[in-house]
Amino acid sequence: MAENKESIGAEFLGNLIIRGKFKCVTGLHIGGSKEKLEIGGVDSPVVRDPRTRYPYVPGSSLKGKLRSLLEYALGAVPSSGDVSTEEDVVRLFGIGVDEKDPKSKNFIRELENIGPSRLIVRDCHPTEATKKWWKTLDTDLLYTEYKSENGINRITAAANPRFVERVAAGSEFEFEMIYTQYNLKSGADHGEDAQTDLSNLRMALLMLEHNFLGKSGSRGYGRVEFRFEEPVYLSQMDYRSGNNMVKATATTGDFDKLKTTADITWAITNPANA
């Protein structure tokens, strides 16, 4: 630990590792590239891992949805519809470099010393059980289903059919989020800020379970449920010594045996890097 505190701009204290699974209660669509589609194929494919061809959920999709929900919850959506610059939102989810740079025309003084985004959201990949199940699906698509929809002309009654690829309801994905705690020269992250961030993250997750992930939520797509392992806090000293690393990477348990979002409580119990 650095001795001269006055010279510190930002010092890493520790990571809270948040892991678990989420289940698709209804079909899920997060769009991918249409470049390789053939005539007669689906109109809207899902995003896939190019190595395995398995569908996955990008961390950016999950993080962006959580951010959007938190902005609404805090009444922080600007009239322009742009990304919020509210401090509680930016501290957790981040913002562009220009808004924190005094030399930029987009500089926002209140964000100058807010530091880096505290939350990392990893890409979410299917569980091994889900991969095996996908291989047994009675469908014409690889590991997925397609849903046919029709747009109807209100005058002529002519139908305009479209075919949307979806991850089937019942699919489970592993997720990992990492909340990083810093000692900033500005005094942030000393207990209160960190607890506010974790409370806001839990609220956004609860809201997501009553909202949707991906597209077409108003038409029934994208309902998900989360389950959580016990979080693991790794301090700077843990990383130096290599302690507790196994706990942070252990295989997650069965979905039904993990804690629900309503049952979880997160707190940083080791904020001091002693």
Residues (among the charged types (D, E, K, R), free of Cβ contacts under 8 Å to residues at least 24 places away in the same chain and assigned to a loop (DSSP other than H, G, I, E, B)) located in the range 117-169: LYS135, ASP138, ASP140, ARG154
Subset of the range 206-246 (residues that are touching a residue at least 60 places away in the same chain (Cβ under 8 Å), within 25 Å of VAL46 (Cα to Cα) and either in contact with a Cys (Cβ under 8 Å, 6 or more places away or on another chain) or of a type in the set (Gly, Ala, Ser) (or both)): GLY214, SER216, GLY220, GLY222, ARG223, VAL224
Matching residues, the range 236-262, being touching a Leu at 6+ places or on another chain (Cβ under 7 Å) and within 14 Å of GLY14 (Cβ to Cβ): GLN236, ASN244, ALA248
Candidate set from the range 108-130 (those that are surrounded by fewer than 17 Cβ atoms within 10 Å (Cβ to Cβ), of a type in the set (D, E, K, R) and within 21 Å of the chain's Cα centre (by Cα)); member that is farthest from GLY94 (Cα to Cα): GLU128
VAL46 touching a helix residue (DSSP H, G or I) at 6+ places or on another chain (Cβ under 9 Å), hydrophobic (A, V, I, L, M, F, W, C) and either modelled with pLDDT of 95 or more or crowded, with 16+ Cβ neighbours inside 10 Å (or both): no
Among (1) touching a helix residue (DSSP H, G or I) at 6+ places or on another chain (Cβ under 8 Å); (2) closer than 22 Å to ARG118 by Cβ - the single one GLU225 does not satisfy: (2)
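The values are calculated or read from the model by the stated rules, or taken from the named source; none is laboratory data. These numbers were taken from a predicted model, which means no experiment stands behind them. Note: ideal-geometry Cβ built from the backbone for every residue, glycine included; neighbour counts use all protein chains shown.
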